Each structure stands twice: as C-alpha cells, then as structure tokens.
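This report concerns only the one structure given below.
The values are calculated or read from the model by the stated rules, or taken from the named source; none is laboratory data. A quick note: this is a predicted structure, and the numbers were derived from the prediction, not measured. Positions of Cβ are generated from backbone atoms using ideal geometry, with glycine treated the same way; all protein chains shown enter the neighbour counts. Ligands, DNA and RNA are excluded from the accessible area calculation, which covers all protein heavy atoms including side chains. Shrake-Rupley method; radii C 1.70, N 1.55, O 1.52, S 1.80 Å.
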Amino acid sequence: MNMWTASLTLNAPSHLPTITTQQKQQLLNALAGRCAVLAIDKDRLRLTFDLPAPDFETATSAAKMATDDALLSAGLPPLEVTAAELLTSEEKRRVQAATPDLMGVAEVAQFLGVSKQRVTQLAKTKDFPAPARELSATRIWLGPEIERFGRGWALKRRYT
C-alpha cells in the first residue's frame with residue numbers, strides 16, 4: 001500500500017454561494033488526519049490531502065470520493081474536477097527536494113527579525129545577497145544565501 005498526496009482543483013460555479021468559514025472548517029474536518037490543505041480562489045477550490053491506495057487508479061477514484069464526501073459534509077454539492085495531481089510519497093519527496101527554498105521580503109524580514117523596510121535597506125548593501133529573481137511585487141532570494149548572510153550579519157551586529 002502506497003501513501004499518495006492528491007491535489008484536486010475543483011470548479012466553483014458562479015451560482016454557488018460564497019463558502020463560509022464554517023464550511024471551510026467542515027471540509028477540513030472531513031479530511032482530518034490526512035494533512036489536508038484548502039485553498040480557495042475566485043472560481044475554484046484546491047484540496048490537497050494524503051490517502052493510502054495500492055495504485056494510481058485506486059488513488060484517483062479514492063481522492064475523488066473523499067473530496068465529494070468532504071464537500072457533502074460541508075453542505076456543498078459535488079464539484080467538477082478541472083485538474084488533479086497524485087504523487088506517491090517518494091515522488092512528493094523528490095519534488096520537494098528539487099524545489100529551492102525561496103524567501104520574499106516578508107520572509108527575509110521575519111528570518112532576520114527586522115522590518116520589511118529594513119530588508120529593503122539591507123538589500124542595497126554590498127554584503128547582502130543578490131536576489132534570485134525580481135518580480136513586479138517583490139524580490140526573491142534563495143533561502144540558504146539569506147541564512148548565510150544572517151549568520152554573518154548577526155555576528156557583526158553583536159560586535160559593533
């Protein structure tokens with residue numbers, strides 16, 4: 001028996017009333033013990049949770065059934081699945097290992113224990129790592145580079 005992580009994206013039609021906080025909690029409660037995560041966008045829901053199954057086909061049908069049951073327990077109708085991803089626990093580990101640890105301004109600020117404004121100031125110094133990417137909304141740094149900077153910066157702060 002393999003452990004699978006299922007991520008299902010569901011179409012939430014416009015005629016469906018806004019999902020309440022209580023319904024969100026009921027959805028997650030229905031998937032308790034499965035490391036469930038719920039994300040809601042304008043017109044879709046994304047449910048991610050773990051489930052045991054011997055093979056891909058069984059995992060796929062079990063994920064759809066568990067999702068429908070969770071929706072019904074929250075008083076919601078079954079919704080159309082528009083995308084599904086199922087990974088074994090080994091596949092999930094490989095994907096996570098290949099995904100770099102990234103930090104935006106808010107994460108860097110939290111890690112260093114400073115304000116976001118201070119991060120912006122520090123980013124202009126020669127010692128601060130260059131961002132891995134600059135997006136229109138924020139800069140993104142590699143986590144290990146920020147951690148290295150943080151260790152050296154903490155020492156400088158202590159002795160100056």
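So, with +1 on the Cβ of K and R and -1 on the Cβ of D and E, and no other charges, what is the size of the charge dipole of the range 13-160 about its Cα centre, to the nearest 20 debye? Don't jump to the answer; show the numbers that get you there.
On the way: 20 positive and 17 negative charges, 255 e Å.
Charge dipole, the range 13-160, about its Cα centre: 1220 debye, nearest 20.
T58 to M1: extension gain in nm, 0.36 nm per residue of separation minus the Cα-Cα distance? Display every interim value, and only then the final one.
On the way: separation 57, 0.36 × 57 = 20.52 nm, distance 1.07 nm.
Between T58 and M1, full extension yields an extra 19.5 nm.
For the chain, with all protein chains present and a 1.4 Å probe, just round the carbon and sulfur fraction of the accessible area to a whole percent. Don't skip to the end; give the middle numbers.
Numbers: 5520 of 10280 Å².
Ligands and nucleic acids excluded, carbon and sulfur reach 54 percent.
Straight-line reach from K64: which lysines have Cα under 29 Å away, leaving out those fewer than 8 places along the same chain?
Partners found: K24, K42, K92.
Label points 7 Å out from Cα along the Cβ direction at M65 and Q110: separation in nm?
Distance between the two pseudo-spin positions: 3.8 nm.
If you rank T18, T99, T9 by how much accessible surface each has, with a 1.4 Å probe, what is the order from largest down?
Details: T18 120, T99 80, T9 15 Å².
Of T18, T99, T9, the descending order of accessible area is T18, T99, T9.
Put +1 on the Cβ of each Lys and Arg and -1 on the Cβ of each Asp and Glu in the range 1-120; which of L51, S73, A97 then has its Cα farthest toward the positive end of the dipole?
Value: A97.
For K116, which aspartates and glutamates qualify as cross-link partners when the Cα separation must be under 20 Å and same-chain residues fewer than eight apart are set aside?
List returned: D101, E107, D127, E134, E145, E147.
Taking N as the number of residues in the chain, what is its Cα Rg relative to 2.2 N^0.38 Å? Could you put the intermediate results ahead of the total?
Details: Rg = 21.0 Å, N = 160, 2.2 N^0.38 = 15.1 Å.
That ratio works out to 1.39.
Could you sort K42, K124, K92 by their accessible area in this structure, using a 1.4 Å probe and putting the largest first? Don't jump to the answer; show the numbers that get you there.
Details: K42 190, K124 160, K92 65 Å².
Sorted by accessible area, descending: K42, K124, K92.
What list of ³J(HN,Hα) couplings, whole Hz, do you get for the range 27-39 from phi and the Karplus terms 6.51, -1.76, 1.60, once you set θ to phi - 60° and write x for glycine and proline?
Running phi through 6.51 cos²θ - 1.76 cosθ + 1.60 with θ = phi - 60° gives 4, 5, 4, 5, 10, 4, x, 10, 6, 6, 10, 10, 10 Hz.
Report the relative contact order of the range 1-149, percent, no decimals, based on alpha-carbon pairs under 8 angstrom and at least 6 residues apart.
Numbers: 203 pairs, mean separation 37.6, N = 149.
With pairs under 8 Å counted, the relative contact order is 25 percent.
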